[in-house]
Amino acid sequence: MESIAQLATSSAHLLGLLPSGGAAQAMCLALLAVAGIMTLERLVIVVPSAALLTGLGALAAQGWVDPLAGYGASVAGSIVGACAWHAGGFGLRRSAGSRIAHLRAPVLPRRWLDALAPGSPGLGLAIALAQCVPTVRLLAPMAAGLGGVRLISSAPFVAAGCAVWNGAFFLIGYRLATLS
């Protein structure tokens with residue numbers, strides 16, 4: 001019986017997604033693993049993204065992973081995980097209907113709530129900045145979905161925030177690995 005990795009590799013070869021060379025194939029599989037791990041990091045709150053991204057940056061500095069490809073795979077995985085959270089929140093809103101449509105965060109001033117309403121000009125910036133705040137970054141996409149914000153409206157801002165967050169820790173790891 002084939003292992004999952006062998007099955008994934010043979011399927012990817014059939015689809016033409018993986019190069020046939022040993023090193024190139026290993027790099028592609030590593031990048032797929034990075035994207036998968038970052039997706040998991042977004043879905044399981046206790047997985048520390050800072051440690052994962054710093055370690056990935058250090059691996060890139062030592063030549064184990066192409067820096068741009070590793071960074072790109074980490075951002076892609078983070079976006080997929082954030083979109084999954086958003087879809088969960090949006091689905092919950094649709095299934096619960098009017099029972100949750102009236103809910104508001106009682107600790108936020110009314111002008112903040114108005115600024116974060118779907119379609120408001122400040123919403124994009126708030127979504128992007130939320131991706132740079134620990135723990136908030138994991139829950140903000142679900143909150144946006146619960147609030148009725150469409151994924152197509154929030155995805156570019158989530159991507160920008162993920163790029164900044166992942167890039168910061170990736171660069172820290174890269175820089176720390178090149179100090180000595």
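Quick note: the coordinates plus some simple rules give every number you see, no bench work behind them. Keep in mind that what you see is a predicted model, and the values were worked out from it rather than measured. So basically every Cβ, Gly included, is an ideal-geometry build from the backbone, and we count neighbours across all protein chains shown.
Phi-derived couplings, Karplus 6.51 cos²θ - 1.76 cosθ + 1.60 at θ = phi - 60°, listed residue by residue for segment 30-43: 5, 5, 5, 5, 4, 4, x, 5, 5, 5, 4, 4, 6, 8 Hz, with x used for Gly and Pro. Counting neighbouring beta carbons within 10 Å and listing from fewest to most, the residues Leu179, Leu56, Leu92, Leu123 come out as Leu179, Leu92, Leu123, Leu56.
Modelled spin labels at Ser153 and Thr178, positioned 7 Å past Cα toward Cβ, are 4.1 nm from each other. Computed from backbone phi, the HN-Hα couplings of segment 144-160 come to 5, x, 5, x, x, 6, 6, 4, 4, 7, 9, 4, x, 6, 4, 4, 5 Hz, rounded to whole numbers (Karplus: 6.51 cos²θ - 1.76 cosθ + 1.60, θ = phi - 60°; Gly and Pro given as x).
Whole-Hz Karplus values for segment 70-81 come out as x, 4, x, 5, 5, 5, 4, x, 5, 5, 4, x Hz, taken residue by residue from phi with 6.51 cos²θ - 1.76 cosθ + 1.60 and θ = phi - 60°; glycine and proline positions read x. Neighbour counts of C-beta atoms inside 10 Å place Val44, Val80 in the sequence Val44, Val80, starting with the fewest.
Arranged by the count of other C-beta atoms within 10 angstrom, fewest first, what order do Cys162, Cys28, Cys132 take? Before the final figure, lay out each step's value.
Details: Cys162 26, Cys28 18, Cys132 14.
Fewest to most other Cβ atoms nearby, the residues stand as Cys132, Cys28, Cys162.
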